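The structure is given below, and queries will be raised subsequently.
The values are calculated or read from the model by the stated rules, or taken from the named source; none is laboratory data. This is a predicted model, so every value here is computed, not measured. Virtual Cβ from ideal backbone geometry, glycine too; neighbours counted across all protein chains shown.
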Amino acid sequence: MSDGAAAGLPANLVVFERGWLSSNNILLIGADETALVDTGYATHADQTLALVESSLGIRPLDRIVNTHLHSDHCGGNAALQQRYPALLTDIPPGEAALVEQWDERGLSFLATGQTCPRFRFTGLLQPGTECVLGGSPWQVHGAPGHDPHSVILFDPASRTLISADALWESGFGIAFPELAGEPSFGDLAATLDRIEMLGPLQVIPGHGRVFNEVGSALTTARRRLEGLQRDPVKHARHAIKVLMKFKLLEVQSIALDDWKAWIRSTPYLDAIRSRFFADAELEQLAGDVLHELIVAGAAEMDSSGIRNT
């Protein structure tokens with residue numbers, strides 16, 4: 001947990017730095033309203049609730065703001081809405097109809113083999129507008145690339161950026177549209193340019209610690225993006241590895257038959273295979289990637305099953 005004042009952030013802001021299964025959560029405490037930006041993954045919902053309650057005490061949480069609707073950023077929405085019945089929830093507009101209908105295929109949860117309990121929304125985060133969080137106006141900027149509907153939030157007073165997965169200290173999130181045949185590397189580049197134009201002094205990323213060396217992070221991100229543009233197959237293989245590691249982080253251990261069933265029932269894996277590895281069978285491709293995780297020390301396997309390490 002990061003104290004806002006200690007990190008050069010607004011004094012009424014608290015960052016809950018989470019493990020990789022959940023996104024970071026940012027709590028803003030104002031005189032009239034409290035707000036939480038992003039809510040982590042569903043299996044960590046109890047921890048998310050405990051973190052919020054430890055900071056707010058008897059005060060209620062008044063608002064959720066989601067930067068985008070990947071399961072690790074909105075998986076705690078439902079639990080928080082149940083805990084705080086009057087809770088308002090703002091989401092980017094691009095997938096509002098899918099949330100209203102609860103189209104899990106359109107929302108990517110089923111496609112990626114991940115979990116997100118149904119939640120409701122009450123408002124939209126329109127890029128080009130401001131939203132008041134913790135009593136201060138934060139600018140809402142579109143940040144496509146990792147997700148076509150993602151937004152980032154910027155406080156011009158403190159020059160603090162909540163970057164979600166558009167910029168990390170050592171890179172950015174997977175360009176998911178690119179994997180589906182929708183060019184997004186250019187969107188990623190434009191988002192990095194927008195961040196540079198905003199000139200933040202400190203960045204709260206979707207994953208990892210708060211950082212101040214923004215120029216260095218942008219240089220690293222652009223270098224990585226150039227590499228992915230030269231070798232999109234490498235990006236695709238990395239995406240498979242990330243999705244598999246995410247599943248291991250979620251379950252911690254899984255029987256071999258259950259693992260193979262999950263591989264077969266996760267459409268996004270086969271979509272990536274068919275686009276980038278058409279000559280390979282899905283089970284063989286997944287086996288090769290799992291071997292890479294094992295060699296890297298990120299997983300273990302024996303006759304009883306596969307375990308996260």
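Out of Leu282, Leu290, Leu228, report the one residue that is among the aliphatic types (A, V, I, L, M), out of contact with any Gly (no Cβ under 7 Å at 6 or more places or on another chain), more than 27 Å from Asp165 (Cα to Cα) and surrounded by 15 or more Cβ atoms within 10 Å (Cβ to Cβ). Show your work before the answer.
On the way: Leu290 fails: more than 27 Å from Asp165 (Cα to Cα); Leu228 fails: more than 27 Å from Asp165 (Cα to Cα).
On inspection, the qualifying residue turns out to be Leu282.
Still on this structure, I have one more. Output the number of residues of segment 135-183 satisfying the condition of being crowded, with 21+ Cβ neighbours inside 10 Å, in a loop (DSSP other than H, G, I, E, B) and among the hydroxyl-bearing types (Ser, Thr, Tyr).
Looking only at that region, the number is 1.
A further question on this structure: Name every residue in segment 221-239 that is touching a Lys or Arg at 6+ places or on another chain (Cβ under 8 Å) and touching a residue at least 12 places away in the same chain (Cβ under 8 Å), in order of residue number. Quick ask: steps written out before the conclusion?
Step one: list which residues in segment 221-239 are touching a Lys or Arg at 6+ places or on another chain (Cβ under 8 Å), which gives 227-228, 236.
Matches in segment 221-239: Leu228, Ala236.
If you don't mind, there's one more thing I want to ask. For segment 102-159, name all the residues that are of a type in the set (A, V, I, L, M, F, W, C) and closer than 24 Å to Arg264 by Cα. Before the answer, list the steps.
Going residue by residue through segment 102-159, those that are of a type in the set (A, V, I, L, M, F, W, C) are 102, 107, 109-111, 116, 119, 121, 124-125, 131-133, 138, 140, 143, 151-154, 157.
Within segment 102-159, Trp102, Leu107, Phe109, Leu110, Ala111, Cys116 meet the criteria.
Would you please name the residue that is surrounded by the most Cβ atoms within 10 Å (Cβ to Cβ), looking only at residues in segment 33-62 that are in contact with a strand residue (DSSP E or B) (Cβ under 9 Å, 6 or more places away or on another chain) and assigned to a loop (DSSP other than H, G, I, E, B)?
Among those residues, the one meeting the criterion is Thr39.
Show the residue pairs meeting these rules: Cβ distance below 7 Å; 6+ apart or different chains; first residue within segment 257-282 and more than 20 Å from Ile174 (Cβ to Cβ); second residue surrounded by 18 or more Cβ atoms within 10 Å (Cβ to Cβ).
Trp259/Ile306; Ser265/Gly113
Moving on to the next point. Hey, can you tell me all the residues within segment 80-115 that are under 18 Å from the mean Cα position of the chain (by Cα) and either hydroxyl-bearing (Ser, Thr, Tyr) or within 19 Å of Ala50 (Cα to Cα) (or both)?
Leu80, Thr89, Ser108, Thr112, Thr115
Do you know which of the residues in segment 6-30 that are surrounded by 22 or more Cβ atoms within 10 Å (Cβ to Cβ) and among the polar types (S, T, N, Q) is nearest to Leu249 (Cα to Cα)?
Residue satisfying both the conditions and the ranking: Ser22.
Ok, one more. Within the set of pairs 6+ apart or on separate chains, which have a first residue in segment 38-62 that is assigned by TED's automatic domain parsing to the domain that holds Val14 and in contact (Cβ under 8 Å) with a residue 12 or more places away in the chain, a second that is part of a loop (DSSP other than H, G, I, E, B) and of a type in the set (Val, Ile, Thr), and C-beta atoms under 6 Å apart?
Asp38/Thr67; Ala42/Thr115; Thr48/Thr39
How do the helices (runs of 4 or more DSSP H) wholly within segment 63-134 filter down when requiring 1 or more residues that are surrounded by fewer than 19 Cβ atoms within 10 Å (Cβ to Cβ) and either at pLDDT below 95 or not charged (D, E, K, R) (or both): which remain?
Values: elements: 71-74, 77-83, 96-101.
Result: 77-83, 96-101.
Then there's this: When you go through Ala175, Ala189, Ala164 one by one, which is the residue that is of a type in the set (A, V, I, L, M, F, W, C), closer than 19 Å to Gln126 by Cβ, in contact with a Leu (Cβ under 9 Å, 6 or more places away or on another chain) and at pLDDT 95 or above? Outline the logic, then answer.
Numbers: Ala175 fails: closer than 19 Å to Gln126 by Cβ; Ala189 fails: closer than 19 Å to Gln126 by Cβ.
Going through Ala175, Ala189, Ala164 in turn, the sole match is Ala164.
Any idea which of (1) among the charged types (D, E, K, R); (2) without any contact (Cβ under 8 Å) to a residue 40 or more places away in the chain; (3) under 16 Å from His73 (Cβ atoms) is the one Asp165 doesn't satisfy?
It fails just one condition, (2).
Only helices (runs of 4 or more DSSP H) wholly contained in segment 196-292 count here; list those with 2 or more residues that are over 21 Å from Thr115 (Cα atoms) and either of a type in the set (Ser, Thr, Tyr) or not assigned by TED's automatic domain parsing to the domain that holds Pro10 (or both). Working first, answer last.
Numbers: elements: 214-230, 232-251, 256-264, 267-276.
Qualifying helices (runs of 4 or more DSSP H): 214-230, 232-251, 267-276.
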